Amino acid sequence: MRLCLDEHYSSKIAEELRAREYDVYAVSERPELRTLSDRELWLHVQSEQRALLSENVADFMPFVHEAAAAGEDHWGMIFSSSRSMPRGAGTIGLFVERLDELLTKNRNEEDF
């Protein structure tokens, strides 16, 4: 599975996951992606056949629902919660470990 981390996640998470041989990048590492709207980012990661990690359920779930209603495939969404996994320097390792587990269990592109 290929993954993109939404703009609010540290690029260090992506770096650590790449060191573990996953195909992952963070929006913060790609200047051309930083200015995209949520819909544009969704379309971009879909064109790359990537899942997207975000906390932004309110903005991204409608795109998932639209794809389902149209009978279209999509490459997946992973949502995190600021309550159970707050973003910050102290939780980078936690994100890496949890995402490593998830990516290990879901190696195929079709898994999400």
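The values are calculated or read from the model by the stated rules, or taken from the named source; none is laboratory data. For clarity, every value in this text was computed on a predicted model and none was experimentally measured. All Cβ positions, glycine included, derive from the backbone under ideal geometry; neighbour counts span all protein chains shown. SASA here: full protein model, heavy atoms, side chains in, ligands and nucleic acids out. Shrake-Rupley method; radii C 1.70, N 1.55, O 1.52, S 1.80 Å.
Can you pull the percent of segment 44-112's accessible area that's carbon plus sulfur, 1.4 Å probe, other chains left in place?
Using a 1.4 Å probe with all protein chains present, segment 44-112 comes out at 48 percent carbon and sulfur.
Over the chain, DSSP H runs of length four or greater, each weighted -39,500 (n - 2.57), average out per residue to a 222 nm ellipticity of -13000 deg cm²/dmol. In percent, rounded to a whole number, the relative contact order of the chain is 31, using alpha-carbon pairs under 8 Å and six or more apart. Here the Karplus curve 6.51 cos²θ - 1.76 cosθ + 1.60, taken at θ = phi - 60°, turns the phi angles of segment 10-17 into couplings of 5, 5, 5, 5, 4, 4, 5, 5 Hz, with x standing for Gly and Pro. Annotation: average projected area of segment 68-112 is 4.2 square nanometres, based on the convex hull of Cα atoms across all directions. Applied to segment 62-78, the Karplus parametrisation 6.51 cos²θ - 1.76 cosθ + 1.60 on θ = phi - 60° returns per-residue 3J(HN,Hα) values of x, 5, 5, 5, 4, 4, 5, 5, 8, x, 9, 6, 9, 9, x, 10, 10 Hz, with x for Gly and Pro. Per residue, segment 18-69 exposes 53 Å² of accessible surface when a 1.4 Å probe is rolled over the protein heavy atoms with every protein chain present. Quick one: net charge around LEU99, please, counting Lys, Arg +1 and Asp, Glu -1 for every other residue with C-beta under 10 Å from its C-beta. Residues near LEU99 contribute -2 overall. Relative to the compact-globule estimate of 2.2 N^0.38 Å, the Cα radius of gyration of the chain comes out at 1.01. If R0 is taken as 25 Å, the Cβ-Cβ distance between THR35 and ALA68 corresponds to a FRET efficiency of 0.35. Counting Lys and Arg as +1 and Asp and Glu as -1 over every other residue whose Cβ lies under 12 Å from the Cβ of LEU41, the net charge comes to -3. Backbone geometry of segment 34-39 corresponds, through the Karplus equation with coefficients 6.51, -1.76 and 1.60 at θ = phi - 60°, to 3J(HN,Hα) couplings of 4, 9, 6, 5, 4, 4 Hz, x marking Gly and Pro.
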